[in-house]
Amino acid sequence: MSKDLNKKIYRILDANFNRLKEGLRVGEEVCRFLLDNDYLTRRFKTIRHKSSDALKALPLGFKEIAKSRDSESDVGKGYSKLELDRKNILDIFSANIQRAKESLRVLEEFTKIINPNVSLKFKALRYEIYSLEKD
């Protein structure tokens, strides 16, 4: 792959890793502060940590991935009407669990071309989120 293509793929990894961690954190906070559920809170936290470990297993580090970030000129950084359409806690939780699942899928797909073993880790985490969402 060319250096320019690598940077673009790293940018995808960076955006989706950030999105994943944000979505998981919102779910964790709902379970922690609104549900007072230690078990679900710990499950969210564990998945967050496992996702960081998976990313660390790539041949590039967080710093290298973050170097590719270009927030100022990101064509998709604006808000959509759907992002502002939250009526209750369930809407917030549902939107963020979906965000986490989608991000895991993107991470799974793009890490296949860098390290297929890491891709499998993201896939396993996606299935953990499916179970957690159900619980």
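Bear in mind these aren't lab numbers, they're just calculated from the coordinates by the rules spelled out. For clarity, every value in this text was computed on a predicted model and none was experimentally measured. So basically every Cβ, Gly included, is an ideal-geometry build from the backbone, and we count neighbours across all protein chains shown.
List of remarks:
- Principal-axis analysis of the Cα atoms of the chain puts helix 89-111 at an angle of about 20° to the longest axis.
- Glu29 paired with Glu109, simple spin-label distance in nm, labels 7 Å along Cα-to-beta-carbon: 2.9 nm
- Tilt relative to the chain, helix 116-134 - C-alpha long axis, 0 to 90 degrees, to 10: 10 degrees
- Stretch gain in nm, segment Lys63-Leu120, where the contour uses 0.36 nm per residue and the Cα spacing is subtracted: 18.3 nm
- Each label was represented as a point 7 Å from its Cα along the Cα-to-Cβ direction; for Ile89 and Glu102 these points are 2.4 nm apart.
- Karplus-derived HN-Hα couplings along the stretch 18-25 (A = 6.51, B = -1.76, C = 1.60, θ = phi - 60°), whole Hz, x at Gly and Pro: 4, 4, 4, 5, 5, x, 5, 5
- Helix 38-56 and the long axis of the chain differ in direction by around 0°, with both axes built from C-alpha atoms.
- Taking 0.36 nm per residue of separation and subtracting the Cα-Cα distance, full extension of the segment from Asp36 to Glu133 would add 33.3 nm.
- Two-site FRET efficiency, Lys45 against Asp70, from Cβ-Cβ distance with R₀ of 22 Å, rounded to 0.05: 0.15
- Efficiency of FRET between Asp53 and Lys7 - r from beta-carbon atoms, R0 25 angstrom, step 0.05: 0.55
- Semi-axis lengths (Å, descending) of the ellipsoid that matches the C-alpha gyration tensor of the chain: 27, 19, 11
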